[in-house]
Amino acid sequence: MRGVVAPWVVADEAAVADGLATALFFTEGRRLAREFDFAYVRMHADGHAEVSRNFPGEVFT
């Protein structure tokens with residue numbers, strides 16, 4: 001298995017968060033951040049996580 005295995009998104013509207021979470025399987029968060037205001041985490045199959053600077057949570061292993 002390769003690529004993104006789980007994205008999490010925080011946004012003002014649930015429908016926007018849902019759509020962005022789906023999009024994060026296919027594109028980088030910084031690309032989407034040009035058009036949308038949201039925070040995210042992308043978990044990759046190799047175990048590393050990509051976390052936006054504004055993510056309001058804590059990611060730990």
**Prompt:** Hey, what number do you get for the chain at 222 nm if only DSSP H runs of n ≥ 4 count, each worth -39500 (n - 2.57), divided across all residues, to the nearest 500?
**Reply:** -5500 deg cm²/dmol
**Message:** Between (i) -0.45, -1.07, -1.42; (ii) -0.63, -0.96, -1.09; (iii) -0.53, -1.05, -1.30, which entry matches log10 I(q)/I(0) by the Debye sum over Cα atoms at q = 0.16, 0.25, 0.30 Å⁻¹ as derived from the coordinates of this structure?
**Reply:** (i)
**Request:** Taking the Cα centre of the chain as origin, work out the dipole magnitude from +1 charges on Lys and Arg Cβ and -1 charges on Asp and Glu Cβ, in debye rounded to 20.
**Result:** 260
**Asked** Ignoring any ligand, DNA or RNA, what whole percent of the accessible area of the chain comes from carbon and sulfur when the probe is 1.4 angstrom?
**Response** 51
**Message:** Before I look further, what does the stretch 6-61 give for accessible area per residue, probe 1.4 Å, in whole square angstrom?
**Reply:** 73
**Request:** Counting other Cβ atoms within 10 Å, keep those with at most 13, restrict to DSSP loop, and tell me which chymotrypsin sites (Phe, Trp or Tyr not before Pro) in the stretch 14-61 are left.
**Result:** Phe25, Phe26, Phe60
**In the chain, GluC sites (Glu not before Pro) in a DSSP loop with at most 13 other beta-carbon atoms within 10 Å** = Glu13, Glu28, Glu35, Glu58
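The values are calculated or read from the model by the stated rules, or taken from the named source; none is laboratory data. From a predicted model like this one, the values you see are computed outputs, not experimental measurements. Ideal geometry is used to build each Cβ from the backbone, glycine not excepted, and the neighbour counts take in all protein chains shown. Just the protein is used for accessible areas: all its heavy atoms, side chains included, with ligands, DNA and RNA removed. Shrake-Rupley method; radii C 1.70, N 1.55, O 1.52, S 1.80 Å.
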